[in-house]
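Quick note: the coordinates plus some simple rules give every number you see, no bench work behind them. Quantities reported herein were computed from a predicted structural model and do not represent experimental measurements. Cβ coordinates were reconstructed from backbone atoms using ideal geometry, including for glycine residues, and neighbour counts include every protein chain displayed.
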Amino acid sequence: MLTFLARRFISSIPVVIAVLALCFLLVRIAPGSPFAAERALDARTKAVLETKYGLSGSLPEQLLRYGSRVLRGDLGDSLKFRGRTVAEIIGQSLPRSLLIGSISFTLALALGIPLGAYAAAQHRGKGDSFFNSLALLTLSTPTFVLAPVSVLVFAFGLKLLPPAGWGTPSQLILPAFCLAIPFIGAAARLTRAGLLDTLNSDFVRAARAKGVSEASLVYRHALRPAILPLVAYAGPLAANILTGSLVIEEVFAIPGIGQFFVNGVINRDVFLVSGVVLVYCFLLLLFNLMADWLTALLDPRIRLSS
Amino acid sequence: MIFRRVFPGLLGLSCLFFFSGCGSQPRADLVLCNGAEPQTLDPALVSGQLEGRICAALHEGLTRRDARGKSIPGAAQSWKISPDGKTYTFTLRPDMKWSNGDPVTAEDFRYSWVRALDPATASPYAEILFFIRGAEDFQAGRAPVAAVEVVAPDAGTLVVHLKNPVPFFLSLTSFTTYLPVHRATVEKHGDRWTRPEHWVGNGPYRLKAWRVNDRVCLEKNPAYHSPERIRLNRIDALAVTRASTAFNLYSSGQADVLLDKGLIPSLILPKLRGRPDFHPAPLFATYFYRFNVTRPPFDNPKIRRAFSLALNKEAVVDKMTRGGEPIALSLTPRGVPGYRPPEGPAQDEDTARALLRDAGFPNGQGFPRVSILYNKSELNEQVAVEVQAQWTRALGVQVELRNQEWATYLRSLDTLDFDIARSSWVGDYDDPLTFLDCFATGRGNNRTGWSDATYDHLLARAQAEANPASRFRLLEQAEEILVSRAMPILPIYHFVGCLMFDPGKLDGLLPNLLDEHPFAEIGPKGK
């Protein structure tokens, strides 16, 4: 296990370096200056700012300067939000996205897996086609439709929940559900497909022949190997869902990290973008690692050391 | 299952952060939707209106704005103006203190202005201090700091020498870049001095908390010179960018005021008219198109004129903007007392076609394909589509739409890589010079390549003119060249500001030309 972890850690280092360097270079190559504004900035002031933030000189020089700072644990300052460090922005906004994201992730799995299992157990029955259609509907409804419609229904129609804002538990419910719903459908479909495969396998047939009840067969014996595809999917999903969503954050006025991915690029705020990409990259590697580890736990045929 | 063990842990950890900061406190006395997240709260670095509003609550300039946007005595209790209008002697209030108890002195103002001019500060608005003698030379590195003619002979007196008579100087002294900062705090904490734990100011409010992308929390400053004037103890300014979200917050009572038309969904604007809580008012701002006069076909004034005459601006405001915007025939909006903005030509399709024919393109035949450049936004696109359709129909020309995201669009403007580009300009102070100066030769905001010696000369003469009426006549002549003769720009409409608040609950919020709404003026109705 330790060897496995050490090997994965070492192999992640070049990935992180490559992602960070590529991100930095792409934002710097993109046309437009991070200091440009509707009101034109004179060349001298622009030069002062470029020197101040270490963005003067050739691109490789800038990249080296940035790289050495990151190695010292300094992610730099935001170019748009003057006086704020990238670490401070991430430190304030990431926990909020983690909170909403972890609720959504839990919801996606807690609802998706039983729904998928139920649909598989009812294979080709009415329940199956109903849940299949429902899963397709949730998967194909974009959040920019789902979020405003849910605000209209639950906040202004039924007056059950606040339409937006941050600070009270009731303000978490709508955004967490809206973020989770497409993934509930995805989790249900993956579980269903995995279960149907497993239910046709030899060991299930053998168990059935021994007289194991259908419910116990599905939930105790078949589910464990059947959710392997879902586990592989859940790794990147967790990283994705925990780093927030631009649409959900804007619609519900959630001060999370998701909007910095998009707005940082628009503003050419290179250190901020690189910082949030680094966080995303780190979470992605972490959750993929966890998914691999879980797969090994669930599937006795897989050994981590091999 | 691992999910059961790991995720409750993650949830718990995140909850720790959830109930921290000002959001967990009881609701503030006033919650405003202020627009996007403030980029900075350092007055020397602020370039946007939403940051300016907060700075005006945290710092008080020599003059301050009242609810009507008029400049009234602030940190200065009185002033004397020399007969030539070039020297202002301000007498500061004797009882003025910073929020940490230090006295506010004339030297603080001198320091703050010089700091904003210092190239090392890299202030995006340093230019607005160039009315002061020696300021421009110091900022450009041509003169030492001593050349900036702002003198503090004693702690309570500030003498300012101007290059020219500036009739609106008392309006400038309430502008964000002119606000004072606390020297010891700025020098001790550098870029980080605006953090709530370091911040020191002299305004009616002090900075209690500032949560990224969420809110800025202000509370009454007990050290303010006239605490009885402050009507509310706590104000939260929310950072919300999406109009529908801001409007939802307002409709559900989570916010009391929407401070910007951009925070009201444009689709419902017509429905809001007539509602008692909807307060539209003209703004000192103009939406216009720039022509690139450095390359064909718009290097030809006849073609610029033809395109201007062919546009039906009423259709643009009726169909697209829908906020009751007045169409713009001049660049400077109406509303500056004594200034009559000269009107450019109204729509005249026949003359437009004749001009195009004279330029060698009868019915648009042989006219090169041109494009309208705009930055990505729903409104810009809608306006561009309407203008495109009108020009194609009226002139028979082919017009393309060129949509770029913000930074790329700004670079295209700066490098004159466009045929026609959408633009807007918001006046910084209540004088036409704030608009007209943009188009003087070589100005960074010219962005058309246009240069006209007569125009430059008229602007220079106007600035040297001591008589306000004669000064306005000269500026009118300059503007006439801009909008009626040379036409490097095509004004389309003047902006309308829209405030939303319940007039039965709040007062002290009055729509005004400069869209100035000092927080300290706002309070519960009748109290």
10 Å Cβ neighbours from other chains, averaged over peptide A:80-86: 6
Could you tell me the largest-minus-smallest coordinate of the C-alpha atoms of region A:1-154 on each of the three principal axes, in descending order and whole angstroms? 72, 51, 27
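How would you order B:418-429, B:449-460, A:4-15 from highest to lowest mean count of nearby Cβ atoms within 10 Å?
Ranking, from highest mean packing down: B:418-429, B:449-460, A:4-15.
Loop only by DSSP, 14 or fewer other Cβ within 10 Å of the Cβ. Give me the GluC sites (Glu not before Pro) in region B:126-199 that pass, ordered by residue number. Walk me through the numbers on the way to the answer.
Details: sites: B:Glu127, B:Glu136, B:Glu149, B:Glu187, B:Glu197; in loops: B:Glu149, B:Glu197.
Those satisfying the criteria are B:Glu197.
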Quick one: net charge around B:Lys86, please, counting Lys, Arg +1 and Asp, Glu -1 for every other residue with C-beta under 9 Å from its C-beta. +1
Along region B:344-354, what does the Karplus equation 6.51 cos²θ - 1.76 cosθ + 1.60 (θ = phi - 60°) give for ³J(HN,Hα), rounded to whole Hz, x for Gly and Pro? x, x, 7, 4, 7, 5, 4, 4, 4, 5, 5
Max mean-square fluctuation residue, GNM over chain A, Cα-Cα springs under 10 Å, options A:Leu26, A:Leu246, A:Leu75: A:Leu26
Just tell me how shielded A:97-108 is by partners: mean number of partner chain Cβ atoms within 10 Å of each residue's Cβ, no decimals. 4
Shape category assigned to chain B from the gyration tensor of Cα positions, a/c cut at 1.5: oblate
Residue by residue through region B:394-403, the couplings from Karplus 6.51 cos²θ - 1.76 cosθ + 1.60 with θ = phi - 60°, in Hz, x for Gly and Pro, are 7, 10, x, 9, 9, 10, 9, 9, 10, 9
If you scale each eigenvalue of the Cα gyration tensor by 5 and take the root, what three semi-axes come out for region B:380-527, rounded to whole angstrom and sorted largest first? 33, 26, 15
So what's the back-of-envelope 222 nm ellipticity for chain A, counting only DSSP H runs of four-plus at -39500 (n - 2.57) apiece and dividing by all residues, rounded to 500? -23000 deg cm²/dmol
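Which whole number gives the average, over all residues in B:37-47, of C-beta atoms from other chains lying within 10 Å of the residue C-beta?
Mean shielding count: 3.
Ranked from highest to lowest mean number of other Cβ atoms within 10 Å per residue, what is the order of the peptides B:248-254, B:103-109?
Peptide ranking by packing, descending: B:103-109, B:248-254.
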Gap in Å between the Cα centre of region A:247-294 and the Cα centre of region B:253-323? 35 Å
Can you figure out the FRET efficiency of B:Lys97 with B:Arg443, using R₀ = 45 Å and their beta-carbon distance, to the nearest 0.05? 0.65
If the label point sits 7 Å along Cα→Cβ of A:Ile302, residues of region A:270-291 with amide N under 16 Å come out as A:285-291
Region B:340-443 shape via C-alpha gyration tensor axes, a/c threshold 1.5: oblate
Loop-resident trypsin sites (Lys or Arg not before Pro) in region A:138-215 with no more than 12 other Cβ atoms inside 10 Å, DSSP not H/G/I/E/B, are A:Lys159, A:Lys210
For region B:320-369, what is Rg from Cα atoms divided by 2.2 N^0.38 Å, rounded to two decimals? 1.67
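Which peptide among A:125-132, B:295-302, A:265-272 comes first, and what is the full order, when sorted by highest mean count of other Cβ atoms within 10 Å? Could the numbers behind the result be given before it?
Details: A:125-132: 14.2, B:295-302: 16.8, A:265-272: 24.2.
Put in order of decreasing packing, that is A:265-272, B:295-302, A:125-132.
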Looking at chain A as a GNM with Cα springs under 10 Å, which of A:Asp197, A:Asp292, A:Asp42 has the largest mean-square fluctuation? A:Asp42
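Could you list the trypsin sites (Lys or Arg not before Pro) in region B:446-501 that lie in coil according to DSSP, counting only those with at most 15 other Cβ atoms within 10 Å of their Cβ?
Passing both the DSSP loop test and the Cβ count: no residue.
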With R₀ set to 51 angstrom, the calculated FRET efficiency between the beta-carbons of B:Thr454 and B:Ala120, to the nearest 0.05, is 0.85
